[in-house]
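Step one of this worksheet: look at the structure below.
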Amino acid sequence: MKRSALLMLALLAALPASAEIYKWKDADGKVHFSDTPPPSGAVKTIREAAPASARPAGTQDGKSADASKPKTLAEKELEFRQRRAAEAEAQAKAEKESADAAQRKRACEDARSNLAALNSGQRIGRYGSDGQRVILDDAARAEEETRVRKQVDDFCK
């Protein structure tokens, strides 16, 4: 019972709106549904085709002549893929912006930390090209402070 009801529902959904649907029983008592009548025997018409005069103007075979017809599965799939690609692109852009912002924040914190160390009055040392530690004198300290202030201005906007 469920199977025949499901079959009937599938047939009804698959047929165009203007087609006739016929129901009949064969010699074995099996019920059949079709869009074409049987060669002989008693037939019951379930749905009749709409006459041409009953169709709206500008239509042919019950289908609209304008662009408002339903989208095909291929068109829906294409739109879905385009939406998915746009969402993925927007997400990638947001992740890149987030990573760039985090990197600028770290660079700003590092530059501020270096500037605080330079302004603290402690002795600052660097490693020279020969691998030996060199303590910055006042001129080198002022030069380094100018460079670090520029970094703070650039990174901490």
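Overview of results
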quantity: Qualifying position, being more than 30 Å from Ile21 (Cα to Cα), out of contact with any Ser or Thr (no Cβ under 6 Å at 6 or more places or on another chain), exposed (fewer than 10 other Cβ atoms within 10 Å of the Cβ) and at pLDDT below 90, among Gly58, Gly131, Gly125; calculated: Gly131
quantity: Residues located in region 129-157, provided they are closer than 15 Å to Leu118 by Cα and in contact (Cβ under 8 Å) with a residue 12 or more places away in the chain; calculated: Ile135, Leu136, Arg141, Glu144, Glu145, Val148, Arg149, Gln151, Val152
quantity: Region 121-151, residues that are aliphatic (A, V, I, L, M), assigned to a helix (DSSP H, G or I) and closer than 27 Å to Arg104 by Cα; calculated: Ala140, Ala142, Val148
quantity: Residues being surrounded by 11 or more Cβ atoms within 10 Å (Cβ to Cβ) and polar (S, T, N, Q) - total across region 93-108; calculated: 1
quantity: Scan of region 1-12 for residues that are exposed (fewer than 15 other Cβ atoms within 10 Å of the Cβ) and either modelled with pLDDT of 65 or more or part of a loop (DSSP other than H, G, I, E, B) (or both), ordered by number; calculated: Met1, Lys2, Arg3, Ser4, Ala5, Leu6, Leu7, Leu9, Ala10
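Each row is one residue, and each column tells you yes or no for (1) more than 24 Å from Gln103 (Cα to Cα); (2) at pLDDT 90 or above; (3) surrounded by 13 or more Cβ atoms within 10 Å (Cβ to Cβ).
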site: Ser113; (1), (2), (3): no, yes, no
site: Leu118; (1), (2), (3): no, no, yes
site: Asp138; (1), (2), (3): yes, no, no
site: Glu143; (1), (2), (3): yes, yes, no
site: Cys156; (1), (2), (3): no, no, yes
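The values are calculated or read from the model by the stated rules, or taken from the named source; none is laboratory data. All values reported here derive from a predicted model rather than from experimental measurement. When we count neighbours, we look across all protein chains shown, and the Cβ atoms used for this are built from the backbone with ideal geometry, even at glycine.
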